[in-house]
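Here's the structure we're looking at; comments come further down.
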Amino acid sequence: MNKIYLFAIPTGSSSYGVIRDAEITGDTIGYALAEDGECIANHLSSGVNWSKHDMGLTSDWKHEDYEKKYPDGYELEWIDYGDLDTHVGYQKAYALNQAMKSE
């Protein structure tokens, strides 16, 4: 099954979107990264839980974008911010994404 990795990062703007006690508080930017490295979607949200909704993990938002990429089906996987550096699938997709940028 095709994987789409969903995650949110802090915006870092003022006192919002910062990391406190290893958790993001405030504004986030959510991303959907396909396993082939393509960034399919993103969204500014007011927190991690809203990002899960806005990126389609707990709603049907963005699913049209995901279906365009993978018309034969896909699996969404949420990755917590603190796990991005160690998640093998995400790391492979991110490396492919960065390679596309340098082309």
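The values are calculated or read from the model by the stated rules, or taken from the named source; none is laboratory data. For clarity, every value in this text was computed on a predicted model and none was experimentally measured. Cβ coordinates were reconstructed from backbone atoms using ideal geometry, including for glycine residues, and neighbour counts include every protein chain displayed.
The residue that is surrounded by the most Cβ atoms within 10 Å (Cβ to Cβ), among those in the stretch 55-80 that are touching a residue at least 12 places away in the same chain (Cβ under 8 Å) and acidic (Asp, Glu), is 77.
On the stretch given as the stretch 59-99, residues that are of a type outside the set (Gly, Ala, Ser) and farther than 16 Å from residue 42 by Cβ total 18. Residue pairs whose Cβ atoms lie under 7 Å apart, sitting 6 or more positions apart in sequence or on different chains, and linking a residue in the stretch 91-103 that is farther than 20 Å from residue 6 by Cβ to a partner that is in a helix (DSSP H, G or I) and at pLDDT 90 or above, do not occur here. Taking strands (runs of 3 or more DSSP E) as the structural unit, those lying wholly within the chain and holding at least 2 residues that are modelled with pLDDT of 95 or more and out of contact with any Gly (no Cβ under 9 Å at 6 or more places or on another chain) correspond to 28-34, 39-45, 75-78.
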